[in-house]
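Undergrad: Sharing a structure below in C-alpha cells format, with a few things to ask.
Rule-based calculations on the coordinates, nothing more; no lab input. Only a predicted model underlies this, so the values are computations on that prediction, with no experimental measurement involved. We place every Cβ from the backbone using ideal geometry, glycine too, and count neighbours over all the protein chains shown.
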Amino acid sequence: MKNQTTYHFIDINGVNIFYREAGLKTAPTLVLLHGYPTSSHMFRNLMNSLSDKYHLIAPDYPGYGRSEQPPIADFEYTFDNFAEIITTLLQKLEISKYSLYLMDYGAPVGWRIASAHPEKIDTLIVQNGCAYEEGLETFWDPFKAYWKDRNNKAAESTLETFHQPDGLKWQYTHGVPDTSVVSPDNWEIDLRHLERPENNQIQLNLFYDYGTNPPNYPKWQKYFRDHNPEMLIVYGKNDYIFPVSGAEAYKKDVKNLEYHLYDAGHFALESKGDEMAAAIEDFLDRKVKR
C-alpha cells in the first residue's frame, strides 16, 4: 500500500531546510539527493512508487526548491557545506543507516557523505552523476575555463544560460526521444527559485566550487575499492551533461555493480520513471536487509 508523501521544514545550522518524506519510518531509508537546477520535486513520482516498502527522505539544498536561501554574505554555497547540511539533517532525523540516491549535484554531495561515513551506507544508486574525469566531456569546457579564471566573463556568460528558461528546458528535453512525455511544469518550477534575488550568483558560486570535485575523485574511487559498496547505475544514456563514459568508468573500481542504461536524457526519471523505479525496487529488495 502506497504511503502519502508529507512535507516538512527543519532548522539545520540556522538554515530552514525543506524535505519530503514518505513511507514508514521503520522501513529501510533511501535518501534522495537532487541535482542542478532542480529540487526534491524531481523525486515526487519515485517516492510514490517506493513508499510501500521504503522510508524516503528528499531534501532541498539551501537556495533550491523550498529551502531557505540565506544571503551569500551569511552562507558559503559550496558542496562541502551542502554535505554538512544533509549529514546534520540525517542526524536530527535519527537516521543512522541508509541508502543514497545520487543525481548530478547529488553525486559530489553524496560521495562526501559516503566516504566520510562508509559504515552508514546500505547501498548507492547513481543516476547521471560523476566521480571520474571521463565523465567531464565537452559540456564541461566553459566550467573548466571558469575554474582556471573566475574573471573569465565569456565562460560566465555561457554558464548563466544554463539556468535561463531555454537552458532549463534543454536540460529536461535534450536526448529524450519523445519530449511530449516531459512535463513543462519541471522547468517552470525550477525557474521560480532561480529567479530569487542573488540566486544567479549562487549558481555561479556553485559552478566555480564544482572545481573542488575532480581533485576528490581519487579519494572517492578509493572508497569504492576499499569498502565495496553495493551500487546500482540507472543512467540516461543520451545525457550530454554527464555522458555514458562517466557511467562506464565506475566499472573500474566498483565490484558490486549493477548497470542499467535507458533511452533518456539528463533527467531520466521524467521519461523512464516507471522502468527505473522497477529496477531500483528490485535492487533494494535484494540488497537491503529489512
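Undergrad: Charges at C-beta only: +1 for Lys and Arg, -1 for Asp and Glu. How large is the resulting dipole of the chain about its Cα centre, in Debye rounded to 20?
TA: Values: 29 positive and 41 negative charges, 169 e Å.
For this selection, approximately 820 debye.
Undergrad: What is the mean projected area of the alpha carbon convex hull for region 32-78, to one decimal in square nanometres? Each step should come with its number before you reach the end.
TA: Numbers: hull surface 14.5 nm².
Convex hull of Cα atoms, orientation-averaged projection: 3.6 nm².
Undergrad: Something else: Which one of Asp209, Asp178, Asp104 has the biggest mean-square fluctuation once the chain is modelled by GNM with Cα springs under 10 Å?
TA: Ranking Asp209, Asp178, Asp104 by mean-square fluctuation puts Asp178 first.
Undergrad: When DSSP assigns beta bridges and you keep just the ones with both residues in the chain, what percent turn out antiparallel, to the nearest 5? Write out the running numbers ahead of the final one.
TA: Working: 11 of 33 bridges.
Taking every DSSP beta bridge within the chain, about 35 percent pair in antiparallel fashion.
Undergrad: Between His8 and Arg290, 0.36 nm times their residue separation minus their Cα-Cα distance comes to what?
TA: Details: separation 282, 0.36 × 282 = 101.52 nm, distance 2.55 nm.
Gain on extension, His8 to Arg290, equals 99.0 nm.
Undergrad: Something else now. Of (1) 0.93; (2) 1.41; (3) 0.99, which is the value of Cα Rg over 2.2 N^0.38 Å derived from the coordinates here?
TA: Calculated Cα Rg over 2.2 N^0.38 Å: the matching label is (1).
Undergrad: Can you figure out the FRET efficiency of Ala154 with Arg192, using R₀ = 35 Å and their beta-carbon distance, to the nearest 0.05? Could the numbers behind the result be given before it?
TA: Details: r = 29 Å, r/R0 = 0.82.
For Ala154 and Arg192, the calculated efficiency is 0.75.
Undergrad: Straight-line reach from Lys2: which lysines have a Cα under 22 Å away, not including same-chain ones fewer than 8 places off?
TA: Lys25, Lys53, Lys272, Lys287, Lys289
Undergrad: What FRET efficiency comes out for Asp226 versus Arg44 if R0 is 35 angstrom and r is the Cβ-Cβ distance? Round to the nearest 0.05.
TA: On the way: r = 35 Å, r/R0 = 1.00.
Rounded to the nearest 0.05, the efficiency is 0.50.
Undergrad: Per residue of the chain, what 222 nm ellipticity follows from adding -39500 (n - 2.57) for every DSSP H run with n ≥ 4, rounded to the nearest 500? List each step's numbers first, then the result.
TA: Details: 11 runs with 114 residues, N = 290.
Computed mean residue ellipticity for the chain: -11500 deg cm²/dmol.
Undergrad: Between region 1-41 and region 261-290, what is the separation of their alpha carbon centroids in Å?
TA: 18 Å
Undergrad: Could you pull out the GluC sites (Glu not before Pro) across region 107-150 that fall in loop regions by DSSP (anything but H, G, I, E, B) with no more than 15 other Cβ atoms inside 10 Å?
TA: Numbers: sites: Glu119, Glu133, Glu134, Glu137; in loops: Glu137.
Those satisfying the criteria are Glu137.
Undergrad: Ok, one more. What is the percent of Cα-Cα separations in region 55-207 that go past 18 Å? Present the calculation step by step, with values, prior to reporting the outcome.
TA: Values: 7628 of 11628 pairs.
Across region 55-207, Cα pairs with separations above 18 Å total 66 percent.
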